[in-house]
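S.K.: Following this message is one structure expressed as structure tokens.
The values are calculated or read from the model by the stated rules, or taken from the named source; none is laboratory data. Computed from a predicted model, the values in this text were never measured in an experiment. Cβ coordinates were reconstructed from backbone atoms using ideal geometry, including for glycine residues, and neighbour counts include every protein chain displayed. What goes into the accessible areas is simple: the full protein's heavy atoms, side chains included, and nothing from ligands, DNA or RNA. Shrake-Rupley method; radii C 1.70, N 1.55, O 1.52, S 1.80 Å.
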Amino acid sequence: MALDRNSGPNDLSAFWMPFTANRQFKTAPRMLVGAEGMYYRTADGRQVLDGTAGLWCCNAGHCRPKITEAIQKQAAELDYAPAFQMGHPKAFELASALRDMAPKGMDHVFFTNSGSESVETALKMAIAYHRARGDGARTRLIGRERGYHGVNFGGISVGGIVTNRKMFGSLLTGVDHLPHTHLPDQNAFTRGQPEHGAHLADELERIVALHGAETIAAVIVEPMSGSTGVLLPPKGYLERLRAITKKHGILLIFDEVITGFGRLGSSFAAEHFGVMPDMMTTAKGLTNGVIPMGAVLTTAEVHDAFMQGPEHMIEFFHGYTYSGNPIASAAGLATLETYREEGLFENAAALAPYWEDALHALKGLPHVIDIRNMGLIGAVELEPIAGEPTKRAFTAFLNAFEKNLMIRTTGDIIAMSPPLMINKAQIDELFGKLTDVLKALD
Ligand SMILES: Cc1ncc(COP(=O)(O)O)c(C=O)c1O
């Protein structure tokens, strides 16, 4: 039977939905059928303010004409071309455009299809880099508690969110974790970067002393942790991590899947914090979320270590069928142009203080125990209901959607990250609705 795509599908059973309470959803589906600019349209015809840029990815807003046109044109011109031993111009163009946008020194780009694949690629690249230089004992990977690096085995091994790890066996061996940086007793309700916690980077010295620097390939962190519920790096923390990794010859990987492409009001968090890693993982905002694509950016030092041996030989035995896909590349180019032409990163930076004030005005509302922000990111942490963790925030999410506002929750934390095209009136609309939701919570 044909589906009526405008009113919604007629059978919900086949699709096993990712990171979703499937049974709850299927009893009361929340179906989006259209989008434009800052708003989604629901199957029942409501306009819903997108407070989360989809999943932190539609930084330019929805159905932007330049991106749509680029995809349509590319699909009609060159639909697919392999990137193994073959090339097509747009992938090279996009790699150059990314390099030009990235902090100076990020000279090379390896394409993937998602954040998870970018992480997997970067971890493999780090281990292989050391081996290529004759330092093959460096195989250990260091992540951080509460870190989120996607869902593949490498990513969940270095990641630090227990629900994403505990069901999946013993994971990768040779992995250790830094402590997380959340210190609510000292830092609650801080605006921007917290004062306390830089010393937590020194835990890397303890890990080095335990394992030996000569066994450690890389440290991977989100410069600002997003998915765990928005944890900002304490002042001085990233600088210390950089100094310690450099001292011990350990590569530093910034997972910029969320922080990349203007979220903090700068192109990347590395630029925002003035700390240069050896590699950056990206995805999401690279194509405005429209077509799956990710990219790993590396320094020339990392890249050049591979460029040795006979010239007919493959230097890095890694890649995906869709690495640098033509349609994704066209979408990426149009996305970066849209960011530049519309000054969207500048808009995010200009509106960040207004956003911060509006967000922190929620202090004092029922159950609010912390508020955190940076750029166009905000989090409101709620006191969990005793014995029913996550339920209070999930109720807030459901009630917000009823009020035509899309937010995201993780644990008992509400996270917001709107498209960067937002204006002051829409910020007022967002926090006005959220205030009503919070006031009505049990
Ligand atoms: C920091 C970080 N890394 C990796 C990922 C995984 O990206 P994807 O879902 O595209 O695999 C995410 C997704 O939210 C992320 O926030």
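S.K.: Long-range amide H contacts for LEU178: which residues qualify at under 5 Å (H placed 1.01 Å from N, peptide plane, sequence gap of 5 or more or a different chain)?
M.R.: Answer set, sorted by chain and number: GLY143, ARG144, GLU145.
S.K.: Please identify every one of the trypsin sites (Lys or Arg not before Pro) in the range 158-220 that sits in a loop by DSSP and has no more than 13 other beta carbons within 10 Å of its own beta carbon. It would help to have the intermediate numbers written out before the result.
M.R.: Working: sites: ARG165, LYS166, ARG191, ARG206; in loops: LYS166, ARG191.
Counting only loop positions with at most 13 other Cβ atoms within 10 Å, the trypsin sites (Lys or Arg not before Pro) in the range 158-220 are LYS166.
S.K.: Another question about this same structure. Count charges around GLU383 for me, please; just the other residues with Cβ under 12 Å from its Cβ, Lys/Arg as +1, Asp/Glu as -1.
M.R.: Working: positive: LYS391, ARG392; negative: ASP370, GLU381, GLU388, ASP412, ASP442.
For residues surrounding GLU383, the net value is -3.
S.K.: Further question on the same structure: Name the most mobile residue of GLY150, GLY387, GLY159, meaning the one with the largest mean-square fluctuation, in a Gaussian network model of the chain with Cα contacts below 10 Å.
M.R.: The residue with the greatest mean-square fluctuation here is GLY387.
S.K.: Considering only protein heavy atoms, what per residue accessible area in square angstrom results for the chain with a 1.4 angstrom probe? Please list the in-between numbers first.
M.R.: Values: 19470 Å² over 442 residues.
Value returned for the chain: 44 Å² of accessible area per residue.
S.K.: Ok, one more. Gain in length, GLU341 to GLU195, computed as 0.36 nm per residue apart minus the alpha-carbon separation, to one decimal in nm?
M.R.: Numbers: separation 146, 0.36 × 146 = 52.56 nm, distance 3.58 nm.
Additional length available on full extension: 49.0 nm.
S.K.: Sticking with this one: Towards the positive end of the charge dipole of the range 68-341, with charges on Cβ (+1 Lys, Arg; -1 Asp, Glu), say which of SER114, HIS196, PRO82 has the farthest Cα.
M.R.: Towards the positive end, the residue furthest out is HIS196.
S.K.: On the accessible surface of the range 186-320, probed at 1.4 Å, how many percent belong to carbon and sulfur atoms?
M.R.: Values: 2560 of 4710 Å².
Whole-percent figure for carbon plus sulfur exposure: 54.
S.K.: Also, I was wondering about something else. Under a straight-distance cross-link criterion of Cα-Cα below 14 Å, which aspartates and glutamates are reachable from LYS235, leaving out those fewer than 8 residues away in the same chain?
M.R.: GLU195, ASP202
S.K.: Non-local amide H neighbours of PHE189 (under 5 Å, H modeled in plane, Pro and chain starts lacking H): which ones?
M.R.: ILE371
S.K.: State which stretch of the chain is the longest one without any exposed GluC sites (Glu not before Pro), exposure meaning a DSSP loop state and at most 15 other Cβ atoms within 10 Å. Let's see the in-between values first.
M.R.: Numbers: sites that count: GLU195, GLU311, GLU315.
Free of exposed loop sites, the longest segment is 1-194.
S.K.: Determine the relative contact order of the chain: mean sequence separation of Cα pairs under 8 Å and six or more apart, normalised by residue count, in whole percent. Intermediate values should be presented prior to the final figure.
M.R.: On the way: 870 pairs, mean separation 94.5, N = 442.
Relative contact order for the chain comes out at 21 percent.
S.K.: Continuing with the same structure: Report the charge-dipole magnitude of the chain in Debye, nearest 20, computed about the Cα centre from +1 at each Lys and Arg Cβ and -1 at each Asp and Glu Cβ.
M.R.: Numbers: 40 positive and 48 negative charges, 121 e Å.
Using only the charged Cβ atoms, the result is roughly 580 debye.
S.K.: Out of residues 5 or more away from MET38 or on other chains, whose amide H comes under 5 Å of its own, with H placed 1.01 Å from N in the peptide plane?
M.R.: HIS62
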